[in-house]
Amino acid sequence: MMRTFIAIDVNDEVRRRTNEIVEKLVKRRFKATWVKPENVHLTLFFLDEISKEKAEQISERLKRRLLGFPSFSFIVERMGYFKGRNGKPRVVWLGVKYDQALKRLYSEILNELEKFSFQFPQDFKPHITIGRVKMVPEKWELLLSDISYDPIVVPVDCVVVYSSTLTPSGPIYSVFRKIKFEGGI
């Protein structure tokens with residue numbers, strides 16, 4: 001069994017921007033489990049623990065389904081957070097503009113995963129997690145309000161099926177299968 005998820009890799013500009021934002025938040029005394037720059041990605045589907053055989057079957061089905069899918073780009077455009085029960089941030093993320101190409105890709109993969117009895121929401125809210133917050137400083141709203149950046153365009157010509165191994169120093173992601181679109185970029 002292996003922890004498995006399907007994601008889109010991001011480019012170096014997103015990784016650089018993530019690192020800059022995390023450095024600012026650390027200096028401002030936000031405490032979190034920060035995502036390492038090399039692990040930054042856009043998760044499409046978290047499949048949890050599945051067998052290697054099932055991961056192979058899913059990868060093959062996706063390869064056939066996405067063969068003619070056109071390459072596209074998405075835009076990473078802002079920083080935000082999901083609130084916990086206490087009203088304070090629990091997850092800090094970079095927002096992804098949800099355009100038609102990304103919606104179509106999500107829908108295509110969702111249709112294949114449903115054949116394997118997976119159930120996921122139809123209303124995908126794309127974001128790139130950069131940290132799981134443990135503690136925020138006083139006046140945290142003010143400290144977050146000035147963090148912005150220019151939109152970043154991320155070209156997409158594949159999805160990646162990852163396996164994830166949890167360790168005390170954080171997860172280790174391994175590419176299980178890269179599924180390229182026919183046209184490339």
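Read-outs throughout are calculated quantities, based only on the coordinates presented, and are distinct from any laboratory measurement. Every value quoted in this text rests on a predicted model; they were computed, and no experiment measured them. Counting neighbours? That spans all protein chains shown, and the Cβs are built from the backbone with ideal geometry, glycine included.
With respect to the cross-link table entries K97/K134; K83/K103; K31/K139; K31/K83; K63/K103; K125/K178, which display a Cα-Cα separation exceeding 20 Å?
K97/K134; K83/K103; K125/K178
Can you give the angle from 0 to 90° between the axis of helix 100-114 and the longest principal axis of the chain, with both taken from C-alpha atoms, to the nearest 10?
60
Between beta-carbons, use under 11 Å as the cut-off and find the net charge around W34, counting Lys and Arg +1, Asp and Glu -1.
Residues near W34 contribute +3 overall.
Mind checking Rg over Rh on the chain, alpha carbons, Kirkwood formula for Rh? List each step's numbers first, then the result.
Working: Rg = 17.1 Å, Rh = 17.5 Å.
Over the Cα atoms of the chain, Rg/Rh equals 0.98.
Relative contact order, percent, of the chain when contacts are C-alpha pairs under 8 Å separated by at least 6 residues?
Answer for the chain is 34 percent.
How tilted is helix 12-27 with respect to the longest principal axis of the chain? Cα atoms for both, answer in degrees (0 to 90, nearest 10).
30
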